[in-house]
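The values are calculated or read from the model by the stated rules, or taken from the named source; none is laboratory data. From a predicted model like this one, the values you see are computed outputs, not experimental measurements. Glycine gets a Cβ as well: all are built from the backbone with ideal geometry, and neighbour counts include every protein chain shown. Heads up: the accessible areas ignore ligands, DNA and RNA and are worked out on the full protein's heavy atoms, side chains in. Shrake-Rupley method; radii C 1.70, N 1.55, O 1.52, S 1.80 Å.
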2 protein chains.
Amino acid sequence: MGYFRDNVERMAGYTPGFQPTATDVVKLNTNENPYPPSPEVMKVLAAMGPEQLRRYPDPVGNAFRQAAAELHGVEPGNIMCCNGGDDLLSIAIRACCDTSRPLAYPVPTYSLYPVLANLEDCELIEVPFDGQYNLPAKLASTGAALTIVCNPNAPTATFIAIEELASLANVLPGVLLIDEAYVDFAERDAVELVKRFDNVVLLRSLSKGYSLAGLRFGYAIAGTNLIDGLLKVKDSYNVDALSIALATAAIKDQTYFRANVQKVKADRQTLTERLRALGLVVGDSATNFVLARVGARHVSPVPPSAGQIHGQLARRNIFVRYFNVPGLDDKLRISVGTPEQNERLLAALQEILSM
Amino acid sequence: MGYFRDNVERMAGYTPGFQPTATDVVKLNTNENPYPPSPEVMKVLAAMGPEQLRRYPDPVGNAFRQAAAELHGVEPGNIMCCNGGDDLLSIAIRACCDTSRPLAYPVPTYSLYPVLANLEDCELIEVPFDGQYNLPAKLASTGAALTIVCNPNAPTATFIAIEELASLANVLPGVLLIDEAYVDFAERDAVELVKRFDNVVLLRSLSKGYSLAGLRFGYAIAGTNLIDGLLKVKDSYNVDALSIALATAAIKDQTYFRANVQKVKADRQTLTERLRALGLVVGDSATNFVLARVGARHVSPVPPSAGQIHGQLARRNIFVRYFNVPGLDDKLRISVGTPEQNERLLAALQEILSM
C-alpha cells in the first residue's frame, strides 16, 4: 500500500504564480490590485489586541456575514466566509463531487479547478469555449453534479451576460458555481441569480477589488439550502480573527472600494489601447488584467513568441503570466498595474518587439 | 440527483465549543491559553503594512518553516504550514483515505476525526482505549491507510510513551499521524520519530502553547516524502501573510513560550489538587486542561450529574466542556485558566456540589 491515494500520487499539484522576492520589480503576474487596501483596514489592524489573538475566532464570522449581507441585499445566512476564494472551490467540490458525480466547466479557465477535481478523484468534463469565449451550449447537458463558470473568466478577461447564466442555472440538475473573483471590475454581477435559483452559489474574493490578497479572504453567496450544506464541509475555524475583522472593515468602506476600482478600470483602458498600438491583439477586459495575443503585426521580421517575450520581460524584472498550454501559448496575461508600472511594461515590450 | 453527495447530506457537521460573546465570563471550555501571546507577536503585528496585505503571501510560508526547522532540529522541507492544526487533519485524510483506504484511531479522542472521515466517505476503525487510556494493541493491525493518535490525548489529558508510538510506527503499513496539539504541556514530544520513520507525521498547533487560537496556525513535521505529498493537497495559499509573520515571531520567542507553559503547568497542578479535594476524580494531565469525573463522593445525598453541573456552571457564566457520549458523560473537561478564573470555578463547583 502506498502512503497516499493513487490519484494523489499521480498528480503534480497546483503551481501558484511566481512570487519574486526582489523589491524593484514590476509584478503584473498574479492579478494583485496595485493600490493599497482601505485606510479603514489599517485602522482596524492597528486596533487589534492580544485578546483577539488568544481566543478562538467566531467559527462562521458573523460580523463579516452581516456586513456582506447588507452590501448585497441578502441575509447573513446567505453568506459563508472562506479562507480565500480557493477555499470555497475546495469546499464546493468536496461537497458535490466524487467518482460518480462529475465536475464540468468551460476551458480555458482558472487552472486550479482540475487540480481540486483530481484531489477528489472525480470525473472532469471540460467543455471548450469558442473563439469568442461565449458560454458553450453543451455545458447545459453534461449531467455534472457541479458546474463552474468563472465570470469574468480568467485568463480570458471576458464576460458572459447574466441572463445566459440564468438560462444555464434554470436547466442544470446540479449546482452552478459562478466564480466572481474578478467581478468587481465588471459592469454587472450575478447576485440576483441567488434569489431566483436554489442551485446557484457565487464566489467572491477580497484579493483583487479590495487589495487584500495577503489576507486570504473570500466568501460564498447562495441560498440557505446550499450555504447550510457547504458549512458542514468547511473547516470549523476556517477564517482567523484578524481576517474577519479586516475583511469586514474593507467591505464596509465602499467609497474607497469604488474609487480604487475606478482607477484600475481607467488604467486598464489606457493599457489596452497602448498594447493594441504595439500590435498586440487585446480584447476588452472585464477584470483587472488583460489577455494579449502576440504576433499579429510586429516591426521585427520574425516576431518573438509569447513565451520568449515572457522570458525577456522577466530578465528586465517585469513579471507577467504565461501559460504554456494550447489556446493560451500565444498570449500573455498582464495584470493592470499603476500607470508607472504599466509604462515600464510598455517601454520594455516596445524594445523587445523591435529587436 | 441531490445537490450534495449522500455522505455530506447524511452528516451533521462538527460543532465547535461554545464561544460566549459576553465579556464577564470564565471561559474554560475550548482550551485556550489564559495568558496573552508573546509581546514579540504584538510588535510584528504593529509593524505590518498595507503592502503585506495587498500582495499574495508566500504559498508555503518559508520564513516560518525556517524558524520551526531550527527549533526542532530538522530541515525546512520537513515542515508544512497549515491554517490551524485542523487544516492538517483535513489534508492528511484527503491525501490518504477514501472508500477503500480506512482511517483508524483510539476512542475517546478529538471528535473532529470522524467528521473529516465522513466527508471523505472513508471507512472508520475506532479502537476503544482501556480504562487507563493505554495505547490499544489492536491499533497495530487495523490495516488502515492512516492512523491518528492524539498525544497527549483530548479529552482524556493522558500521555502515551514515545517508545510505544515508535513500536506502532514500526509495524503500521500506512501513515501514523501523531496529533501533538497539546504537546507543549507534556514532558516529551515525538520529533525523534520523524527522523526514525518515514511514515510518521506530527501535528503542531500555535493555538494552545503560544496563545494564538485566534490566528489559526498549525504545522506538520514529517519526512520530505510525506511533506511533498501533503503539499499537493493543501490549498495553494492556505496561510495568510499576517499569520505567517505572527506565527514566526511567536515560535522564535522561546523564552516567553517556556515561561507561559510553566505558569499553565503550575496552575494545572493546583487546579488538579483542588478538584480532587472537592471529591472529583482527576487524573494527571499532560495538557492545558483536566478531565474530571463526577460522583465519587459528594456532600449531597444525590450528587448532580456531570451534565447538570455543566449547566449550573453555565448559568453562573462559567463555561466548561461536556460531551454527552458514552465514556465521557460522567466527566467534565476543564481548561486551565488563570488562578483567578480557576478560583471562581472551584467556588462555584463547591457551591453546586453542596446543594
Threshold 40 Å², the stretch B:236-279 residues less accessible with all protein chains present than alone (1.4 Å probe): B:Ser236, B:Tyr237, B:Asp240, B:Leu242
Threshold 10 Å², the stretch A:51-90 residues less accessible with all protein chains present than alone (1.4 Å probe): A:Leu53, A:Arg54, A:Arg55, A:Tyr56, A:Pro57, A:Pro59, A:Asn83, A:Asp86, A:Ser90
Relative contact order (%) - the stretch A:39-252, alpha-carbon pairs under 8 angstrom, separation at least six: 29 percent
For the stretch B:6-61, with +1 on Lys and Arg beta carbons and -1 on Asp and Glu, the positive-most of B:Met42, B:Thr23, B:Gly13 along the dipole: B:Met42
Angle in degrees between helix B:254-277 and the longest Cα principal axis of chain B, rounded to the nearest 10: 30 degrees
Accessible area buried, both sides summed, chains A and B with 1.4 Å probe, Å²: 6600 Å²
Solvent-accessible area per residue for chain A (1.4 angstrom probe, square angstrom): 36 Å²
Residue-by-residue Karplus 3J(HN,Hα) for the stretch A:14-21, coefficients 6.51, -1.76, 1.60, Hz, glycine and proline x: 7, 9, x, x, 4, 10, x, 9
Residue among B:Ala222, B:Ala157, B:Ala245 with the largest mean-square fluctuation in a Gaussian network model of chain B, springs linking Cα atoms under 10 Å: B:Ala245
Under 13 Å, Cβ to Cβ, from A:Leu124 - net charge with Lys/Arg +1 and Asp/Glu -1: -4
Sites B:Asp6 and A:Thr15, calculated FRET efficiency, Cβ-Cβ separation with R0 25 Å, nearest 0.05: 0.15
In degrees, nearest ten, helix A:162-171 long axis to first principal axis of chain A (Cα): 50 degrees
Chain B: most fluctuating residue of B:Thr338, B:Thr15, B:Thr158 per GNM, C-alpha cutoff 10 Å: B:Thr15
Long-range amide H partners of B:Val26 with built H, under 5 Å: B:Ile318, B:Phe319
Mean-position separation - Cα centroids, the stretch B:325-355 and the stretch A:248-309, in angstrom: 62 Å
Amide H within-cut-off set for B:Phe289, under 5 Å, with H built and near neighbours excluded: B:Val336
Derived scalar couplings ³J(HN,Hα) [the stretch B:55-69; Karplus, 6.51 cos²θ - 1.76 cosθ + 1.60; whole Hz; x for Gly, Pro]: 8, 4, x, 4, x, 10, x, 4, 4, 5, 4, 4, 5, 5, 5
Distance between the stretch A:135-153 and the stretch A:54-95 - C-alpha centres, whole angstrom: 24 Å
Partners for A:Lys252 among lysines (Cα-Cα distance below 30 Å; same-chain residues under 8 apart left out): A:Lys27, A:Lys43, A:Lys195, A:Lys208, A:Lys232, A:Lys234, A:Lys263, A:Lys265, B:Lys43
For the stretch B:39-252, share of DSSP beta bridges that run antiparallel, in % to the nearest 5: 40 percent
Fluctuation leader among B:Arg276, B:Arg333, B:Arg65 - chain B, Gaussian network, Cα springs under 10 angstrom: B:Arg276
Euclidean distance between Cα centres, the stretch B:18-53 to the stretch B:197-245, Å: 19 Å
Under Karplus coefficients 6.51, -1.76 and 1.60, residue-wise ³J(HN,Hα) of the stretch A:306-313 in Hz, glycine/proline x: 4, x, 5, 4, 3, x, 5, 5
Test item: Cα-centred dipole of chain B, Lys/Arg +1 and Asp/Glu -1 on Cβ, debye: 680 debye
Amide hydrogen neighbours beyond the local backbone of B:Arg101, cut-off 5 Å, H modeled: B:Glu123
Residue-averaged [θ]222 nm for the protein assembly as shown, counting only DSSP H segments that reach four residues, each worth -39500 (n - 2.57): -11500 deg cm²/dmol
Computed magnitude of the charge dipole of the stretch B:281-342 (debye, nearest 20; Cβ of K, R +1, Cβ of D, E -1): 120 debye
Unit charges at the beta carbon, dipole of the protein assembly as shown: most positive-side option, B:Val149, A:Pro106, B:Ala348: B:Ala348
Carbon plus sulfur fraction of accessible area for the stretch A:39-252, probe 1.4 Å, in percent: 51 percent
Cut-off 19 Å (backbone N to label point 7 Å along Cα→Cβ of A:Leu124), residues of the stretch A:15-57: A:15-17
Rounded to the nearest 20 debye, dipole of the stretch B:60-136 from Cβ charges on Lys, Arg, Asp, Glu: 160 debye
